[in-house]
1. Measure nothing fancy, just the Cα-based angle from helix 129-148's long axis to the longest principal axis of the chain, in degrees from 0 to 90, nearest 10.
2. So for the chain, taking the charge dipole from beta-carbon charges (+1 Lys/Arg, -1 Asp/Glu), which of VAL41, LEU27, CYS135 sits furthest toward the positive end?
3. Amide H neighbours of GLY74 under 5 Å, counting only residues 5+ apart in sequence or on other chains, H built in-plane at 1.01 Å?
4. Just to confirm the number: angle between the C-alpha axis of helix 107-125 and the first principal axis of the chain, 0 to 90 degrees, nearest 10?
5. Give, rounded to the nearest 20 debye, the magnitude of the charge dipole that the chain has about its Cα centre when Lys and Arg contribute +1 at Cβ and Asp and Glu contribute -1 at Cβ.
6. Of the listed peptides 90-97, 109-116, 214-221, what is their order by residue-averaged count of other C-beta atoms within 10 Å, with the highest listed first?
7. Among THR198, THR210, THR145, which comes first, second and so on when ranked by fewest other beta-carbon atoms within 10 Å?
8. Where q = 0.17 Å⁻¹, what log10 of I(q)/I(0) comes from the Debye formula for segment 11-220, counting one point per Cα?
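Nothing in this text is a laboratory measurement; each read-out follows from the coordinates by a stated rule. What you see is a predicted model; the values in this text were computed from it and never measured. Cβ atoms come from the backbone with ideal geometry, glycine included; neighbour counts cover every protein chain shown.
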Amino acid sequence: MKRQSSFLNLLKGHWQLIAITTLVFLLWNTPAVVPLKILIVFLHELSHAVTIILTGGSVESFSISPQQGGLVIGRGGNRFLSLSAGYLGSLLLGMGLLIIALRTRADRAVLAGFGGVMSLVAVLYIRNLFALVFCIGVGSVMIATAWYLRHEVSDLVLRVIGLTSVIYVPFDIFDDTIRRSGIRSDAFMLAEEFGGTTMMWGGVWLVLSTLAIYLCLRHCLGPDSNLHFGRPAR
């Protein structure tokens, strides 16, 4: 009886996040989720780029594709950290967006900042048409959403992006480094340059990402994560 009560409390307190997660899973292989997947790829490549810059290098170009691929070309920086940053960095960024949505009142500012970063990256580093249109277009929509619509909308957008990252990154790690260990992934290049195997590095990242997701959900959800619409705008 106690276990049933705990389960009902879980459903009641977090039904919106459960619904979003279920919807993303149901639509995973449909065109509806492709823009979200490309956005997570942007976070992946952004993590590479930021790490290169923070470790003393420079970014020469930045690209994402409609096939959910991406590429950052950099010069200098710490190669080990920059190769490791893609999957884990995009997961941390996604979890950060989710935590901000769940635990703070900074939804509008963060969504507008995210849009600004996408537009800045497009202007500074992107040269191919699809990535340019995608980043400026999505970035502009984010800024407009934060500026003109109620804060609950910005909050919901951050939740959807954050949850999609939590879903996408472990799957992507498994698919790129374990199921298809022969492709030239970040883990493949890490194994080439620093030893070990693609599956070893992928396994390490998979364990770390799973642990990070568990800790995030355990300590950041609270008893009630639902959005309550209709309250006065902040």
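1. 30 degrees
2. LEU27
3. GLU60
4. The angle comes out near 20 degrees.
5. Numbers: 18 positive and 12 negative charges, 150 e Å.
That gives a dipole near 720 debye.
6. Going by the mean number of other Cβ atoms within 10 Å, highest first, we get 90-97, 109-116, 214-221.
7. Details: THR198 23, THR210 14, THR145 19.
So the residues, fewest neighbours to most, are THR210, THR145, THR198.
8. Calculated log10 I(q)/I(0) at the listed q: -1.27.
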